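Scroll down for the structure; my scribbles are underneath it.
The values are calculated or read from the model by the stated rules, or taken from the named source; none is laboratory data. All values derive from a computational prediction rather than experimental measurement. Cβ placement follows ideal geometry from the backbone for every residue including glycine, while neighbour counts extend to all protein chains displayed.
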Amino acid sequence: MYGASQTTAALTDAGVTTGMLALNSSGSAAGNGGTLTFGNAQSVAAGSVGFAAIKGLLTNGTTNTIGDLAFSTRNAVSDTALTERMRILASGNVGIGTASPGEKLSVVVSAAGTSAKFTDGTNSSLFIKHPSSGLLNFDMDSGNQLSFSDGGVENIRINGSGFLGIASTSPRIIFSR
């Protein structure tokens, strides 16, 4: 809470039973919605500068009941506005780096680099599990060996020398075309 002469404010529920804090905006245009902005005011004259925000975004102006939730941050002092980093759609899909995720989790990077990293502190692993058919695992261990497993059974291994093993955990040949 911030104002020219008010730096604190008391909050009470005032008998409201549907929520302790409601952030609303008026209008039925897509994108309308309440915003919780986190900021810092180094002086009253400078005003508050937001460096992060959580915003509810109306997606259906007809009913005023369908919306997304967006998370934004400011990456550099020279940024003139917050940039959206993650969005949760009304459908439950989550997008990191995209405002329109088509899957339950979509990670999009705009430049070359790592889009997701999964590690246990020693090995980097990616596990994909289907609810009924089992687990698919890609594992890169500290010995620079890449293995592919299905249902808990290793099927393919490429060791640090580039040797490929199919149904073998100790490959001894370089596989070529």
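Observations on the model:
- Selected residue (only one of 56, 39, 33, 47 is at pLDDT 65 or above, surrounded by 11 or more Cβ atoms within 10 Å (Cβ to Cβ), among the small types (Gly, Ala, Ser) and part of a loop (DSSP other than H, G, I, E, B)): 33
Per-residue answers, yes or no, for (1) at pLDDT 85 or above; (2) touching a His at 6+ places or on another chain (Cβ under 7 Å); (3) surrounded by 15 or more Cβ atoms within 10 Å (Cβ to Cβ):
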residue: 83; (1), (2), (3): yes, no, no
residue: 93; (1), (2), (3): yes, no, yes
residue: 105; (1), (2), (3): yes, no, no
residue: 118; (1), (2), (3): no, no, no
residue: 130; (1), (2), (3): no, no, no
residue: 135; (1), (2), (3): no, no, no
residue: 177; (1), (2), (3): no, no, no
